[in-house]
Amino acid sequence: MEPNMKTLIYYKSRHGTTRQYAEMLHERIDSDIYATGDLLPPDLDIYDRIVLAGPFYIGKLKGANALAALWRRVQDKQVILVTVSAAAEDDPEIPGWLKESLPADMLASTEHIHLLGQMRRSYIPVFGPLLKVLTKNDPLLSGVEELEPKALEPVIKALEFDTV
């Protein structure tokens, strides 16, 4: 990594998992962090690398418009697109979800990394009680609040950062 490289992390979170990943990444690398809806710094030219992060929810990338709008302003920089969902990293549906959510030129010029999120039964009010019974021993659906920091290694490697 070149000295004094500045990184911006810009994310959308629906239920908190993407926010947790964004904050964990922010703690590990020298970066500024903003959520969609935050007022961004007026001068994005100071950033060399951009991490755009958002969750898939029912096959749609939440915050896609905000992420694409920011990408249009920084597309000449290294941009890493991070998606989060309960789908496995190699789920064959993910490329289709991306194509439906983001412009083709954005997908062609960004590196995509998918991180495993959590499906918390408490966020599904109608089916939550039934899911609780049917999935009581399923670790993916257990509602565990802690994410594994090692899950961010592909993002850090893509950015060519040493951790702090």
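Taken together, the values in this text are just the output of simple stated rules run on the coordinates, not laboratory data. Please read these numbers as outputs of a predicted model, since none were measured by experiment.
Suppose a student asked you for the relative contact order of segment 15-119, using Cα pairs under 8 Å spaced at least 6 residues apart; what percent would you report?
Relative contact order of segment 15-119: 29 percent.
Averaging over every viewing direction, what projected area does the convex hull of the Cα atoms of segment 39-93 cover, in nm²?
Mean shadow area of the hull around the Cα atoms is 4.5 nm².
To make sure I understand the rule: partners must be aspartates and glutamates, Cα under 15 Å from the Cα of Lys6, and not fewer than 8 residues away in the same chain. Which ones qualify?
Qualifying aspartates and glutamates at Cα under 15 Å: Glu27, Asp30, Asp32, Asp43, Asp45, Asp48, Asp76, Glu160, Asp162.
Measure of size requested: the Rg and Dmax of segment 1-89, with Cα atoms as the atom set and Å as the unit; please supply both.
12.7, 40
Quick one: what does P(r) look like for segment 73-120 with 5 Å bins over all Cα pairs, in whole %?
5, 19, 29, 23, 15, 7, 2, 0
State the extension gain, in nm to one decimal, for the chain segment bounded by Lys6 and Met24, taking 0.36 nm per residue of separation less the distance between their alpha-carbons.
4.8 nm
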